[in-house]
Amino acid sequence: MRIAYEIVGSREKSVAIIGSDVKNPKKAAEEIMQRHKAVLSVLQKTDKRQGKFRLHPSRLIKGKRDTEVVHKENGYLIKVDPRKSYFSPREATERQRIVEKVKGDENVLVMFSGVAPFAIAIAKKHPHTKITCVEMNLEAVKYAVKSVHLNRLTNVKNICWDVRKSRNLGIFDRIIMPLPETAIEFIDVAVLHSKKGTIIHLYGFSKGFAELEKKVKEKAKIYNFKYKIVGRQKVLPFSPGVSKNRLDIKVL
């Protein structure tokens, strides 16, 4: 039986997540738990991501009701409950791409930061970088704070707030916008917290880079800012013909 699934966690305790299109979820759960002894719970998505917190509605198919885990990735730890906050292990490679772009002493803002995987990854590699995270989901922020302590980090600040209402965050060298559904609508907020030379990593779902670049051009006219596209990255496939893409935007 071929099953598409994600595993969040570690060798001690993991949660597997299967899609809503799996026809026999109970049998799939049994197979996954046989293959992976650390998987103690199997969840099935019941719908697309919903609401302002980007959560997948899900149901427990098999195993323990406690789905809180510590995910191990590239030398750091992320504490998360997939039922309470969004986290994708599939984006580990993308997080490392961003880590490699960061210079050692930057001031970084992560908008829509979730459980702060970008911040944790950057902070672990660059201890002299200061990272500010802004996230509306209180549960996600609680897990982000726990992960900061787990990794013994001192350079990550987590704020539970609407980033559009956060006017006193400061000015940043780099801004990460990992909310592909609506990040483009917050580009004015990113520019507000930018200076000449700031790099903005904007994520979006699109059929190609041209589609996303057109949206940036339209926003630049509305909000009167100058910029240059300095990088493009296809992150992950999303649906037939559509990918999650990243534009690296330099503020001029």
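Just so it is clear, none of the values below were taken in a lab; they were calculated from the coordinates. Values in this document were obtained by computation on a predicted structure and should not be read as measured data. All Cβ positions, glycine included, derive from the backbone under ideal geometry; neighbour counts span all protein chains shown.
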Run the quick spin-label model on Q233 and R65: label points 7 Å from Cα toward the beta carbon, then report their separation in nm to one decimal. 4.0 nm
For segment 5-67: lysine pairs with Cα atoms under 19 Å, gap of 8 or more or different chains, count? 18
Before anything else, pin down the relative contact order of segment 5-67: Cα pairs under 8 Å, at least 6 apart, normalised by residue count, whole percent. 30 percent
For segment 1-119, averaging the sequence separation of alpha carbon pairs under 8 Å that lie six or more residues apart and dividing by its residue count, the contact order in percent is 21 percent
What angle do you read, to the nearest 10 degrees and between 0 and 90, between the alpha-carbon axis of helix 25-35 and the longest principal axis of the chain? 90 degrees
Can you give the charge dipole size of the chain about its Cα centre, rounded to the nearest 20 debye, using +1 on the beta carbon of Lys and Arg and -1 on the beta carbon of Asp and Glu? 140 debye
Straight-line reach from K196: which lysines fall under 23 Å, measuring Cα to Cα and dropping same-chain residues less than 8 apart? K101, K103, K130, K165, K214, K215, K217, K219, K221, K226, K228, K250
What aspartates and glutamates sit close enough to K234 to cross-link, taking a C-alpha to C-alpha distance under 18 Å and skipping anything fewer than 8 places away on the same chain? E91, E94, E100, E181, E211, E213, D248
Given points 7 Å out from each Cα along the Cα-Cβ axis, report the H128 to A38 separation in nanometres with one decimal. 3.4 nm
Can you give the helix-only mean residue ellipticity at 222 nm for the chain, where every DSSP H stretch with n ≥ 4 adds -39500 (n - 2.57) and the sum goes over all residues, rounded to the nearest 500 deg cm²/dmol? -7500 deg cm²/dmol
Per-pair calculated FRET efficiency, R0 = 30 Å: T93 and E12 via Cβ, rounded to 0.05: 0.80
Multiplying the sequence separation of E30 and I159 by 0.36 nm and subtracting their Cα-Cα distance, what value in nm do you get? 42.5 nm
The chain: relative contact order as a whole-number percent, Cα under 8 Å and 6+ apart: 12 percent
Sparsely packed chymotrypsin sites (Phe, Trp or Tyr not before Pro) within segment 95-162, loop by DSSP, other Cβ within 10 Å at most 16: W161
